[in-house]
Amino acid sequence: MPTHDKDFIKALEVGRPPNITKLFPNSKALLVSGKVIDRAMMAKGNAIAIAANVRNSFVIRGALMAAQRANAGIILEIAKSEGGAKAYCAVNYWNMATMIDAVCNELKITVPVAIHADHYGIQNDKDLAAAKIEIPSMFDAGMTSIAIDASHLPDDRNLLASIELNPLVPKWAGLETEVGEIKGKEGLSTPEEALFLIQGLNAHDIFPDWIALNNGTTHGIEESDAGIQVDLTAQIHRAIEKYKVSGAQHGTSGNSSERLRQIAQKTRTTKANVATALQMISWGLEVNDYGNAIMDENKNFKKTKGAGVTEEMWEEMVTYAKDKQLKGGDYKKLNLPFENKLTALPQDVRERMAKRVEDFVYGMLVNVLNSKDTAPLGIEAILKAKSYDLGPKAGRIEDPKKWTKEKIMEKAKAFVKAPDTSGKDHSD
């Protein structure tokens, strides 16, 4: 889509949210609410937007190049563990919008791009108090979408925390909620739990764009390929169908392309998080169709010579990891100490790192997630609304009198959840 396209220009004028226009008044980047991306996927049908987890700056560049090449709407995101106040990545909640806007303008990106705070986790009262300060600051810094993730808590507290924090999220912003905290084989989400959460939110005039489930995935590098339970996902989506909530699929790096195609075809999913694979690809590591890095017989990552970082830099990264006793998925903690070192590499190396991400993401957008040519559909949604605020997909159905705090706590007694014994970091 050329930058002089009249629809794109009009979308720039009316489609950028207030925080974005304040931060970047002269920008030509179409940074939009997460709602725009969701609606674009719905308009195409059986299409899923990639939510690329931007643990380093090379993933930002590669993912944006892929989206432009595929003419697809895209979400760029980072989770609280990766980019929150105790971040292990140089890209974080408060600088990612500035980085994304700069790259969009540099590369003349003309597809809609949402900036999503993934897995903003609430595990206790301390987290809840901190959220009341951090969430407004994140939107001040350019966030356009957020996942309020209190799914570690019992069902009633998950719902009540989401209700309490909702006033801090702008009405125009994309909103994701989560039920059945992701922990692999234990405690899969149920239709009853999902319905409880969505009904309770609806009664309080909260209309999420997405719901994330524990539908059989785990995050990061996994040896099992059991993966997403497509039928369970479809069953849960049917249970909440009248509330018009789309699905958000987490943990995609451990699932085959065929399983992801089934999710696109058989469920109401419009968002799929991809994290670990993109980080590994940018570094030059070999990955399989499941997006998992391939290891040799000694459980060491296999690097492709002449791809990603230089061989000398990879050796330095491996030495650092050994010194810090980092193995497997813990290699993600190399992001923060090595970002400056990687951006100091020669131009041709930096370009091949981003290009490798571009090719992988493009393949997913076009061949797996069916999101090619969704960018015009996002722009069309903006122009139809004549606004950056597309409004909710559903209205209030539930009676607020039946969803008071006391009645929520009483209803939740019907659910008994397995304790979390995984000890996992629940970022993608």
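No lab work stands behind these numbers, since they all come straight from the coordinates. Computed from a predicted structure; not experimentally measured. Glycine gets a Cβ as well: all are built from the backbone with ideal geometry, and neighbour counts include every protein chain shown.
Points 7 angstrom from Cα along the Cβ direction at V318 and D359: gap in nanometres?
With each label placed 7 Å out from Cα toward Cβ, I get 2.2 nm.
Averaging sequence separations of C-alpha pairs under 8 Å and six or more residues apart, then dividing by the length of region 1-89, give the relative contact order as a whole percent.
Details: 66 pairs, mean separation 19.3, N = 89.
Once divided by the residue count of region 1-89, the mean separation gives 22 percent.
Amide H to amide H, which residues 5 or more places from V32 or on other chains are under 5 Å from it, using H placed in the peptide plane?
V113, A114, I115
R0 = 45 Å: FRET efficiency of K393 with L107, Cβ-based, nearest 0.05?
Details: r = 32 Å, r/R0 = 0.70.
Using R0 = 45 Å, I get an efficiency of 0.90.
Can you list the residues, at least 5 places off or on another chain, whose amide H is less than 5 Å from the amide H of A212, using H built in the peptide plane?
Answer set, sorted by chain and number: T177, E178, V179, A248.
Enumerate the amide H contacts of G73 below 5 Å, restricted to partners 5 or more residues apart or on another chain; note that Pro and chain-start residues carry no placed amide H.
Answer set, sorted by chain and number: T374, A375.
What is the distance in Å between the Cα centroid of region 253-276 and that of region 35-57?
For region 253-276 versus region 35-57, the Cα centre distance is 11 Å.
Using packing as a proxy for protection, rank 146-155, 188-197 so that the peptide with the highest average count of other Cβ atoms within 10 Å comes first. Walk me through the numbers on the way to the answer.
Working: 146-155: 25.0, 188-197: 20.2.
Packing order, densest peptide first, comes out as 146-155, 188-197.
Expected output is a single nm value to one decimal: the length gained when fully extending between D205 and A239, i.e. 0.36 nm times separation in residues minus the C-alpha distance. What is it?
On the way: separation 34, 0.36 × 34 = 12.24 nm, distance 1.92 nm.
Between D205 and A239, full extension yields 10.3 nm more.
Taking R0 as 45 Å, what's the FRET efficiency between Q265 and N300 from their Cβ-Cβ distance, rounded to 0.05? Walk me through the intermediate numbers first.
Details: r = 37 Å, r/R0 = 0.83.
It comes to 0.75.
If I model a spin label at M409 and E311 as a point 7 Å from the Cα along the Cα→Cβ vector, what separation in nanometres do I get?
Taking the simple label geometry, M409 and E311 are separated by 6.5 nm.
In the neighborhood of D209, defined by Cβ-to-Cβ distances under 11 Å, what is the net charge if each Lys or Arg adds +1 and each Asp or Glu adds -1?
Values: positive: K35, R39, K244, K271, K393; negative: D38, E176.
Summing Lys and Arg as +1 and Asp and Glu as -1 gives +3.
Can you tell me the convex hull volume per residue for region 273-412, based on C-alpha atoms, in Å³ to the nearest whole number?
Working: hull volume 33.8 nm³, N = 140.
Here the figure is 241 Å³ per residue.
Enumerate the helices in the chain for which the Kyte-Doolittle hydropathy averages -0.5 or more and the C-alpha atoms extend at least 15 Å along the helix's axis, using complete DSSP H runs. Intermediate results must be reported in sequence, preceding the final value.
Numbers: long enough: 34-44 (16 Å, -0.01); 57-70 (20 Å, 0.76); 96-107 (16 Å, 0.93); 125-140 (23 Å, -0.08); 155-165 (16 Å, -0.15); 191-203 (18 Å, 0.48); 311-323 (18 Å, -1.12); 347-363 (24 Å, -1.03); 375-385 (16 Å, 1.15).
Passing helices, by number: 34-44, 57-70, 96-107, 125-140, 155-165, 191-203, 375-385.
Quick check for you: which residues of region 105-120 have the amide N under 18 Å from the point 7 Å beyond the Cα of D140 toward its beta carbon?
Within reach of a label on D140, which here means backbone N under 18 Å from a point 7 Å along Cα→Cβ, region 105-120 contributes 117.
Where does the charge balance sit around N370 when Lys and Arg score +1, Asp and Glu -1, over other residues with C-beta under 12 Å from its C-beta? Don't skip to the answer; put the middle values down first.
Working: positive: K44, R261, K372; negative: D373.
It works out to a net charge of +2.
If you take the beta carbon distance between A43 and N95 as r and set R0 to 35 Å, what does 1/(1 + (r/R0)^6) give as a FRET efficiency, to the nearest 0.05? Could you put the intermediate results ahead of the total?
Details: r = 32 Å, r/R0 = 0.91.
Efficiency computed from Cβ-Cβ geometry: 0.65.
What's the extension gain from K372 to D5 if we count 0.36 nm per residue and subtract their Cα-Cα distance?
Numbers: separation 367, 0.36 × 367 = 132.12 nm, distance 1.87 nm.
Taking 0.36 nm per residue and subtracting the Cα distance, the gain is 130.3 nm.
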